[in-house]
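Notes to accompany the following structure.
The values are calculated or read from the model by the stated rules, or taken from the named source; none is laboratory data. The model shown is predicted, which means the values in this text are computed figures rather than measured ones. When we count neighbours, we look across all protein chains shown, and the Cβ atoms used for this are built from the backbone with ideal geometry, even at glycine. Areas reflect the complete protein model, heavy atoms only, side chains present, ligands, DNA and RNA absent. Shrake-Rupley method; radii C 1.70, N 1.55, O 1.52, S 1.80 Å.
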Amino acid sequence: MELVKRLTPESLGALPVDVAFPGYDRKQLLAGIVHLGIGAFVRAHLAAVNEAAILQTGDLRFGIVGVSMRSTETRDALAPQSGLYSLALRDVSAQGERRERLQVIGHLIEVMVAPENPGAVVERIAHEHTRIVSLTVTEKGYCHDPASGALLLTHADIVHDLAHAGSPRSAIGMLVRGLDRRRQDGKGPLALMSLDNLPSNGKLLRALVLEFAGLVDAGLRAWIEAGCSFPNSMVDRIVPRTTAADIDGISSRLGLRDAWPVVAEPYLEWAVEDRFVAERPRWDLAGARFVASAEAFERLKLRMVNATHSALAYLAASAGVATADAAMAMPFMREFLQRLVDEEIAPSLGHMPGVDLKAFGQQMLVRFSNPALAHKTQQIAMDGSQKLPQRLLGTVRERLAQGLPIRLLALAVAGWVRYLDGADEAGRPYAIQDPLAQQLAQAVADPVLVVHSRGAQHHRVAALLSFAPVFGDLGQSPSFVDAVSVWAELLKQRGVVATLAMTRAEHRPV
Ligand code: CS2
């Protein structure tokens with residue numbers, strides 16, 4: 001039966017007793033946080049911690065105004081619910097029983113759709129209640145060169161935003177125009193907090209914002225540089241895209257229709273630098289760690305969790321395996337990932353005080369195996385050009401410089417090369433979702449890039465690995481190119497499972 005009654009402030013009293021809900025006075029909330037990129041991840045991460053902090057402290061100054069950078073979907077779903085939505089944390093008990101903990105999140109005050117009224121977003125950033133602007137706009141949303149980190153001055157949105165002060169499209173443009181307005185209005189500076197999976201995300205955001213601001217007005221740049229803070233942070237929670245089945249299942253448990261809930265694993269980590277120039281919530285009471293420097297945590301997370309996640313996704317998607325838990329059950333996959341971490345990734349991280357790398361690695365593989373999430377390998381595989389540098393290639397570069405083996409890392413990279421073929425082992429085609437998809441296809445097709453005598457496949461791989469926006473100068477390393485080529489050839493000829501089997505010590509093609 002279709003549930004007609006919607007999740008709204010008025011219907012909260014009808015929720016089942018085992019569903020937590022906002023017990024504070026929502027009408028008193030102030031919009032202390034403006035969040036750019038109000039997708040599933042932030043609704044399951046920052047908002048979960050922020051809600052717990054509000055419940056514990058009763059401080060209502062840090063409600064969130066969310067901004068969708070492109071689509072109207074989230075706003076259209078949540079506006080009739082006054083911003084209320086549910087968060088479902090799912091896993092499986094030791095006895096193999098599926099569990100789901102449900103909670104209604106109450107402090108999302110409003111969702112704005114930036115392209116409908118970019119000026120309103122600028123005003124919101126400049127509003128006197130705003131203390132923090134946070135971002136989850138994904139790697140490509142920074143309009144930067146993934147290999148070098150530089151602002152892409154030729155990016156269409158950046159070109160547009162430099163020319164049109166009143167209608168920014170990019171996150172960087174929006175931030176700078178909002179800060180400009182604050183400065184003109186005599187309002188104070190803000191903390192700008194990236195929550196994206198990028199190395200030194202705060203430092204990167206700062207460099208991009210300052211570069212853009214410098215092109216607008218040197219005084220503005222100096223004002224931002226002197227007053228605003230850009231805390232680095234490491235965020236960790238697996239949040240698959242919400243499906244129609246999730247919406248139906250969660251709604252029926254609520255007894256109310258929730259048009260856009262979010263689903264996540266129970267695990268959550270957040271290490272964030274305590275550098276907030278205009279106050280901040282007590283997130284430390286609710287699962288976050290305020291640290292002096294988050295860079296080591298980010299490095300750990302990107303190089304362990306995200307690197308292996310990407311390796312799993314490219315290999316599994318190429319084999320036609322749809323979800324991460326199914327991928328973990330493929331023959332030799334777990335063993336390969338374990339070895340990748342133990343032999344090539346963890347040793348390069350060095351000693352981290354208070355972190356047991358072995359236990360961290362094992363826990364991560366258990367998280368990937370969570371069958372209650374059904375996390376799509378194609379979702380993780382998206383935007384590889386933006387992800388590979390910080391997930392895999394930094395470790396490759398460091399190990400090569402030290403003369404250490406990279407054979408397992410090379411297989412992870414070869415997984416991406418194989419994935420870019422655009423069809424799985426059964427010949428089923430899939431779309432490559434990547435902002436550089438076209439350029440990558442061109443790089444492979446371009447015969448003048450690399451001249452090589454070792455056959456078409458080696459040639460193709462060498463051409464791809466010389467694509468500088470992703471690989472920088474790594475494509476000039478014969479040990480890297482040769483290792484990736486051998487694995488790519490094997491993946492093509494023998495398939496994923498047979499190739500994974502060859503990573504075991506007794507078979508060493510690389
Ligand atoms: C994933 C991440 O989609 C991806 O690229 O690797 O979103 C991953 O699930 C999170 O970073 C985990 O914290």
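Take Val17 and decide whether it is out of contact with any Lys or Arg (no Cβ under 8 Å at 6 or more places or on another chain), open to solvent by 30 Å² or more (accessible area, probe 1.4 Å) and outside any strand (DSSP E or B). I'd like the intermediate steps shown before the answer.
Details: out of contact with any Lys or Arg (no Cβ under 8 Å at 6 or more places or on another chain): yes; open to solvent by 30 Å² or more (accessible area, probe 1.4 Å): yes; outside any strand (DSSP E or B): yes.
Yes, satisfied.
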* **Answer from Thr57, Thr74 - the residue that is buried (at least 21 other Cβ atoms within 10 Å of the Cβ) and among the hydroxyl-bearing types (Ser, Thr, Tyr)** => Thr74
* Asked: Taking the stated definitions as given, is Val216 among the β-branched types (Val, Ile, Thr), free of Cβ contacts under 8 Å to residues at least 24 places away in the same chain and open to solvent by 40 Å² or more (accessible area, probe 1.4 Å)?
  -> no
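Conditions (1) of a type in the set (D, E, K, R); (2) within 16 Å of the ligand (Cβ to nearest atom); (3) free of Cβ contacts under 8 Å to residues at least 24 places away in the same chain, marked per residue:
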residue	(1), (2), (3)
Pro371	no, yes, no
Leu408	no, no, no
Trp416	no, yes, no
Ala423	no, no, yes
Arg428	yes, no, no
Gln439	no, no, no
Ala443	no, no, no
* Going through segment 400-429 one residue at a time, which ones are closer than 13 Å to Val496 by Cα, open to solvent by 10 Å² or more (accessible area, probe 1.4 Å) and in a helix (DSSP H, G or I)? -> Arg418
* To do: Please work out if Ala53 is among the hydrophobic types (A, V, I, L, M, F, W, C), in contact (Cβ under 8 Å) with a residue 60 or more places away in the chain and in contact with a strand residue (DSSP E or B) (Cβ under 6 Å, 6 or more places away or on another chain).
  => no
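Just checking, does segment 241-253 include any residue being touching a helix residue (DSSP H, G or I) at 6+ places or on another chain (Cβ under 8 Å), among the hydrophobic types (A, V, I, L, M, F, W, C) and either open to solvent by 40 Å² or more (accessible area, probe 1.4 Å) or touching a residue at least 12 places away in the same chain (Cβ under 8 Å) (or both)?
no
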* Asp356 vs. criteria at pLDDT below 95 and acidic (Asp, Glu) -> yes
* Asked: If you go through segment 194-213 one residue at a time, how many are within 16 Å of the ligand (Cβ to nearest atom), open to solvent by less than 10 Å² (accessible area, probe 1.4 Å) and of a type outside the set (Ser, Thr, Tyr)?
  -> 3
* **Qualifying positions in segment 219-232 - open to solvent by less than 10 Å² (accessible area, probe 1.4 Å) and over 27 Å from Leu46 (Cα atoms)** => Leu220
* Can you give me the ranges of the strands (runs of 3 or more DSSP E) entirely in segment 255-365 with at least 1 residues that are surrounded by 23 or more Cβ atoms within 10 Å (Cβ to Cβ)? => 262-264, 269-273
* **Residue within segment 245-254 that is in contact with a Pro (Cβ under 9 Å, 6 or more places away or on another chain) and part of a loop (DSSP other than H, G, I, E, B) present** => no
* Asked: Residue check, Val235 against (1) away from the ligand (no atom under 16 Å from the Cβ); (2) of a type in the set (A, V, I, L, M, F, W, C); (3) open to solvent by less than 20 Å² (accessible area, probe 1.4 Å), all met but one. Which one?
  -> (1)
* Structure fact -> Arg289 meets each of (1) touching a residue at least 40 places away in the same chain (Cβ under 8 Å); (2) within 16 Å of the ligand (Cβ to nearest atom) with one exception, condition (1)
* Does Pro189 satisfy the condition of being assigned to a loop (DSSP other than H, G, I, E, B), touching a residue at least 12 places away in the same chain (Cβ under 8 Å) and more than 16 Å from the ligand (Cβ to nearest atom)? -> yes
* Filtered residues of segment 491-510 (kept if under 30 Å from the mean Cα position of the chain (by Cα) and within 28 Å of Gln390 (Cβ to Cβ)) -> Leu491, Lys492, Val496, Thr499, Leu500, Thr503
